[in-house]
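Each remark here refers to the structure printed beneath this line.
The values are calculated or read from the model by the stated rules, or taken from the named source; none is laboratory data. Fair warning: this is a prediction, and the values are worked out from it, not measured in the lab. Neighbour counts are summed over all protein chains in view; Cβ atoms, including those assigned to glycine, are modelled from backbone coordinates with ideal geometry.
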Amino acid sequence: MWPVFVVPGSGVCEPIDAMPGQCRYSVDALIEALGPVAAMGISGILIFGLADDNGKDAAGTSAFDPQGTVQDAVRAVRNAFPDLLVFTDVCVCAYTSHGHCGPLLASGQVNNDAANAVLAKVAVSHADAGAHGVAPSAMMDGQVAAIRGALDAAGLTDTILMSYSTKFASAMYGPFREAEKSSPQAGDRKGYQASYGDLATALRESDLDEAEGADILMVKPSLFYLDVLARLRERTDLPIAAYNVSGEYAMLIATAERGWGDLHAMVRESIVALDRAGADIIISYWANQYDEIVGSGG
Ligand code: PBG
Ligand code: ZN
């Protein structure tokens, strides 16, 4: 699956500095960019939205606007590419004024339960627009149950729930946060994301999401966490997605630019590693370059 960034407006393809080969697209430009990607046989996309300049508030409420950019993008892509799977990221860090993944308590910590209520509304708005699947990435306790309950209550019982079930508090999200303009203004995400040194808790996070009704689990980042992926593969019968994150993408590009490695050979090796470790679904920014990457080495 190809992760894509959508912005308001039209005719926009704004290159992302830290992620060469990736742009922030307006909906019309995304449809244009998807033509060749769909033709290469990429099975789906994962849509991330950015708020309007004045669209951020303390709770991230513009994320569930039925006429929002993500909702528009879902409708347009479903219409233009009936065979493409359309998933959406469900979080509010690009829509909150403080950049955290939910509304804050007076202490500055995220209010877990208030976040779940907002995330449920976001997921329902995406599913209502026609998303095949929703992918909650906020790492709030109980977010899968809250979203599943809200989808069921809205009659959206066929929507697939792909949970970012084991998502680490990682230093590898930097380029993405630049792309999304979603860095926390203060503090970090260690209060809600998993600690990378603690394998047992990381696996338990995925178990809990499975028990709450997730249809697909995820390990993120993925290349530094192949052990987690392989362990999870033995532990669950659910499909597992590996998120090949922005820092992993930028790392290979930077190495190749310095002449220290062949880009496409490094990409092929890394993607095969994800497959070998047990990923059923690979979410990767390399997806829009699939043909060149495969073509230059078989
Ligand atoms: C935010 C979110 C992040 C990513 C996906 N959703 C960043 C973060 O948690 O700060 C990272 C993706 C990437 O680095 O490619 N909920
Ligand atoms: Zn977030």
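Could you tell me how many of the residues in segment 173-204 are surrounded by 21 or more Cβ atoms within 10 Å (Cβ to Cβ) and away from ligand 2 (no atom under 12 Å from the Cβ)?
4
How many of the residues making up segment 215-250 are surrounded by 22 or more Cβ atoms within 10 Å (Cβ to Cβ), over 12 Å from Ile281 (Cα atoms) and among the hydroxyl-bearing types (Ser, Thr, Tyr)?
So the answer is 3.
Give Ala39, Ala51 a once-over and let me know the one that is of a type in the set (Gly, Ala, Ser) and either surrounded by fewer than 16 Cβ atoms within 10 Å (Cβ to Cβ) or free of Cβ contacts under 8 Å to residues at least 24 places away in the same chain (or both).
None of the others qualify; the one that does is Ala39.
Sort out which residues of segment 242-298 are touching a residue at least 60 places away in the same chain (Cβ under 8 Å) and over 20 Å from the mean Cα position of the chain (by Cα), and write them in order of number.
Selection gives Ile253, Asp291.
Show the residue pairs meeting these rules: Cβ distance below 7 Å; 6+ apart or different chains; first residue within segment 177-197 and within 8 Å of ligand 1 (Cβ to nearest atom); second residue at pLDDT below 85.
Arg177/Ser183
Are any of the residues in segment 43-63 away from ligand 2 (no atom under 16 Å from the Cβ) and small (Gly, Ala, Ser)?
Going through segment 43-63, the residues away from ligand 2 (no atom under 16 Å from the Cβ) turn out to be 43-45, 52-54.
Subset that is small (Gly, Ala, Ser): 43-44.
Within segment 43-63, one or more residues are away from ligand 2 (no atom under 16 Å from the Cβ) and small (Gly, Ala, Ser).
Please work out if Ser270 is buried (at least 17 other Cβ atoms within 10 Å of the Cβ), modelled with pLDDT under 95 and either outside any strand (DSSP E or B) or β-branched (Val, Ile, Thr) (or both).
In short, no.
Here are Val92, Val27, Val37: which of them is hydrophobic (A, V, I, L, M, F, W, C), within 14 Å of the chain's Cα centre (by Cα) and on the phi < 0 side of the Ramachandran plot? Show your work before the answer.
Numbers: Val27 fails: within 14 Å of the chain's Cα centre (by Cα); Val37 fails: within 14 Å of the chain's Cα centre (by Cα).
On inspection, the qualifying residue turns out to be Val92.
Considering only residues that are within 13 Å of ligand 2 (Cβ to nearest atom) and of a type in the set (Gly, Ala, Ser), look in segment 115-144 and name the one that is nearest to Arg75 (Cα to Cα).
In this case the residue turns out to be Ala135.
Tell me yes or no: at least one residue of segment 21-30 is under 16 Å from Glu178 (Cα atoms), among the hydrophobic types (A, V, I, L, M, F, W, C), in contact (Cβ under 8 Å) with a residue 12 or more places away in the chain and surrounded by fewer than 21 Cβ atoms within 10 Å (Cβ to Cβ). If you could, list the steps in order and put the result at the bottom.
Within segment 21-30, the first condition is being under 16 Å from Glu178 (Cα atoms), and the residues that meet it are 21-25.
Imposing the further condition that a residue be among the hydrophobic types (A, V, I, L, M, F, W, C) reduces the set to 23.
Add one more test, that the residue is in contact (Cβ under 8 Å) with a residue 12 or more places away in the chain, and what stays is 23.
Then keep just the ones that are surrounded by fewer than 21 Cβ atoms within 10 Å (Cβ to Cβ); that gives 23.
The answer is yes, given that some residue of segment 21-30 is under 16 Å from Glu178 (Cα atoms), among the hydrophobic types (A, V, I, L, M, F, W, C), in contact (Cβ under 8 Å) with a residue 12 or more places away in the chain and surrounded by fewer than 21 Cβ atoms within 10 Å (Cβ to Cβ).
What do you reckon, is Pro66 within 25 Å of Gly142 (Cα to Cα), within 15 Å of ligand 1 (Cβ to nearest atom) and surrounded by fewer than 22 Cβ atoms within 10 Å (Cβ to Cβ)?
no
With (1) surrounded by 17 or more Cβ atoms within 10 Å (Cβ to Cβ); (2) outside any loop (DSSP other than H, G, I, E, B) as the list, and Asp152 as the residue in question, which single condition is left unmet?
Result: Asp152 passes all but (1).
Name, by its number, the condition in (1) within 23 Å of Gly174 (Cα to Cα); (2) touching a helix residue (DSSP H, G or I) at 6+ places or on another chain (Cβ under 7 Å); (3) part of a helix (DSSP H, G or I) that does not hold for Gln289.
For Gln289, the failing item is (2).
Might you check whether a residue that is under 20 Å from Val37 (Cβ atoms), polar (S, T, N, Q) and modelled with pLDDT of 95 or more occurs anywhere in segment 251-264? Walk me through how you get there before you give the answer.
Residues of segment 251-264 under 20 Å from Val37 (Cβ atoms): 252-253, 263-264.
Narrowing the set further to residues that are polar (S, T, N, Q) leaves none.
Checking segment 251-264: not a single residue is under 20 Å from Val37 (Cβ atoms), polar (S, T, N, Q) and modelled with pLDDT of 95 or more.
Looking at segment 78-114 only, could you name the residues that are touching a residue at least 12 places away in the same chain (Cβ under 8 Å), away from ligand 2 (no atom under 12 Å from the Cβ) and either in a loop (DSSP other than H, G, I, E, B) or touching a helix residue (DSSP H, G or I) at 6+ places or on another chain (Cβ under 7 Å) (or both)?
Start the filter on segment 78-114 by keeping residues that are touching a residue at least 12 places away in the same chain (Cβ under 8 Å), which leaves 78, 80-81, 83-104, 108-110, 112-114.
Subset that is away from ligand 2 (no atom under 12 Å from the Cβ): 78, 80-81, 83-88, 97, 103-104, 108-109, 112-114.
Residues satisfying the conditions are Ala80, Phe81, Asp83, Leu84, Val86, Thr88, Ser97, Pro103, Gly108, Gln109.
Is it true that Gly102 is more than 15 Å from the chain's Cα centre (by Cα) and more than 16 Å from ligand 1 (Cβ to nearest atom)?
So Gly102 fails the test.
Has segment 198-221 got any residue that is assigned to a loop (DSSP other than H, G, I, E, B), more than 17 Å from the chain's Cα centre (by Cα) and under 14 Å from Phe168 (Cβ atoms)?
yes
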